[in-house]
1. When you scan region 115-170, how many residues do you find that are in a loop (DSSP other than H, G, I, E, B) and surrounded by fewer than 16 Cβ atoms within 10 Å (Cβ to Cβ)?
2. May I ask you to verify whether TYR18 is near the ligand (Cβ under 9 Å from one of its atoms) and of a type in the set (Ser, Thr, Tyr)?
3. When you scan region 1-17, how many residues do you find that are under 22 Å from ILE62 (Cα atoms) and surrounded by fewer than 17 Cβ atoms within 10 Å (Cβ to Cβ)?
4. Within region 244-261, can one find any residue that is at pLDDT 90 or above, over 30 Å from ILE166 (Cβ atoms), touching an Asp or Glu at 6+ places or on another chain (Cβ under 6 Å) and not aromatic (Phe, Trp, Tyr)?
5. Output yes when any residue across region 114-126 is without any contact (Cβ under 8 Å) to a residue 12 or more places away in the chain and among the hydroxyl-bearing types (Ser, Thr, Tyr), and no when none is.
6. Does region 77-99 contain at least one residue that is open to solvent by less than 60 Å² (accessible area, probe 1.4 Å) and within 11 Å of the ligand (Cβ to nearest atom)?
7. Can you pull out the strands (runs of 3 or more DSSP E) entirely within region 248-317 that have at least 3 residues that are in contact (Cβ under 8 Å) with a residue 40 or more places away in the chain and at negative phi?
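The values are calculated or read from the model by the stated rules, or taken from the named source; none is laboratory data. A quick note: this is a predicted structure, and the numbers were derived from the prediction, not measured. Here the Cβ is made from the backbone with ideal geometry for all residues, glycine too, and neighbour counts use every protein chain on show. Surface accessibility is based on the protein's heavy atoms, side chains included, excluding ligands, DNA and RNA. Shrake-Rupley method; radii C 1.70, N 1.55, O 1.52, S 1.80 Å.
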Amino acid sequence: MEKKNKYTDKQIEQALTYVEIFTKKEEIDCGGCGYATCREFASAMLDGKARPSQCVVLSKKIIEKLKKKEKELRESLFLNQEILDAVPAPILYEDIDGKAIGCNRAYEEVSGVKRLDIKGKKLEQYSNNKDYDALNETVNASLLKTRTRRIVETVIKDPQGRMMNIELHKGIFTDRSGEPAGFVSVIFDITSRIETRKQIETARNTAELSVSLLKKNPTAFVIADGGLKIVDCNQAFAELMGSEINEIYTTSGGLKGADLRTMFESCELFTSVMQNEDGTLSKDVENKGKKLKITLFSIDKNKAAGAILSDLTLPSVRNAEVKERAAQVIKENLETVQKIAYLLGENASKTENVLSSVIKLFSEDE
Ligand code: SF4
């Protein structure tokens, strides 16, 4: 009499799925598990006498999968390192104790050490910059407390001994459970930025000083932008533009942003002079019945121009202007006279040479 199966086909097939056998074709009955058939093995598993790991086919499959995963992981790590090496900013990653896990090529270059030589070492073991080491320790400690990113500026020496201003960006990375697992540092060379910042600071101070000197100057000055809005001017300019404008200047503390067109009739001179990088122009103009001398200069092409103005109706200005213009005329006339005298002198000399040669010819004929 045939022995009745303890388990239904459905139960057996379900148990077979534990060893990744899903179809009849996959039941190869190799006997590697110590049972004659896969179904006997499934029945033993249901009895609690066998475990899935006893199936040699499944074990092989798992090993192959693990090998594949390992290969993928290696390739991924290689790719990650390649990506990090492609980043131009130096990057260092340390474990939670501050020991180096790895770095990129830019970090090797800036620190003068190889990644293999720093692995497992704390910064103080391979760097000779005590201040930077101490700063790194402090930042690490604060990151563990705050768990936020920190940016600090400091100075380091590159392998050639040059001082570098750097911006250290440091953050924490976590493990799967979200607990801090280490630190990532990215270093930015900000030496040229610091230099530019200093230059801008000096330029700003100089500009502020110049403007404050100009403001105290009794000569009227104004600076206008490309849209003919006033960037800056002094009270002498406001006075020259009339009592109403002068009052606005006094009450508002200046005319910044005011439309130059509303107070100065020859605004097109500003537009014209700022069309050239280093354009200048000097002209007599009339504004609200006043005769003015204006000297314009381009500050920034199509963006800003400045002007100095003087009231030619004032006796002191008029006398000085007359003197200056007379001197200019005399100078120009003198140059013309000098040129004429030179030409005359040259002609005389030429004539003398011609006459000498004629005389010489006549003497030879005689
Ligand atoms: S080792 Fe796996 S495939 Fe081979 S007979 Fe046992 S259960 Fe079936």
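1. 12
2. Answer is no for this residue.
3. 2
4. The answer is yes, given that some residue of region 244-261 is at pLDDT 90 or above, over 30 Å from ILE166 (Cβ atoms), touching an Asp or Glu at 6+ places or on another chain (Cβ under 6 Å) and not aromatic (Phe, Trp, Tyr).
5. No, there is no match, as no residue in region 114-126 is without any contact (Cβ under 8 Å) to a residue 12 or more places away in the chain and among the hydroxyl-bearing types (Ser, Thr, Tyr).
6. No, every residue in region 77-99 fails to be open to solvent by less than 60 Å² (accessible area, probe 1.4 Å) and within 11 Å of the ligand (Cβ to nearest atom).
7. Numbers: elements: 280-287, 290-300, 304-311.
Of the strands (runs of 3 or more DSSP E) lying wholly inside region 248-317, those with at least 3 residues that are in contact (Cβ under 8 Å) with a residue 40 or more places away in the chain and at negative phi span 290-300, 304-311.
Condition check ((1) within 22 Å of ALA181 (Cβ to Cβ); (2) under 29 Å from the mean Cα position of the chain (by Cα); (3) outside any helix (DSSP H, G or I); (4) in the same structural domain as ILE151 (by TED's automatic domain parsing)) across all residues:
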site	(1), (2), (3), (4)
SER59	no, no, no, no
GLU72	yes, no, no, no
GLU94	yes, yes, yes, yes
GLU109	no, yes, no, yes
